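Single-structure report; data block below.
The values are calculated or read from the model by the stated rules, or taken from the named source; none is laboratory data. In this text the structure is predicted, and so the values were computed from the model without any measurement. So basically every Cβ, Gly included, is an ideal-geometry build from the backbone, and we count neighbours across all protein chains shown.
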């Protein structure tokens, strides 16, 4: 369990923008989005496949917002 904080902001969009490149450096990360956990904002990190190492390395919170990990598979763009 870890926490990562740089700026202290609690706006999910701003937090994602600040950390997006870093989050995509983790293996099997397919996407990142704003979400909700128990009625409160959170950061959702979507994985292509289950990856226990990535789960351990991703922080539990970013800038005070919980990080929720979901396995979704890869995303395809609509055409």
Per the filter on region 30-72, residues outside any strand (DSSP E or B) and out of contact with any strand residue (DSSP E or B) (no Cβ under 7 Å at 6 or more places or on another chain) are 38, 39, 51, 52, 53, 56, 57, 63, 64
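Going residue by residue through region 9-29, is there one that turns out to be part of a strand (DSSP E or B), over 21 Å from residue 77 (Cα atoms), within 13 Å of the chain's Cα centre (by Cα) and at pLDDT below 95?
First, pick out the residues of region 9-29 that are part of a strand (DSSP E or B): 29.
Keeping just the survivors that are over 21 Å from residue 77 (Cα atoms) gives none.
So far as region 9-29 goes, no, none of its residues is part of a strand (DSSP E or B), over 21 Å from residue 77 (Cα atoms), within 13 Å of the chain's Cα centre (by Cα) and at pLDDT below 95.
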Kindly indicate whether residue 66 is within 15 Å of residue 11 (Cβ to Cβ), touching a residue at least 24 places away in the same chain (Cβ under 8 Å) and surrounded by 13 or more Cβ atoms within 10 Å (Cβ to Cβ).
yes
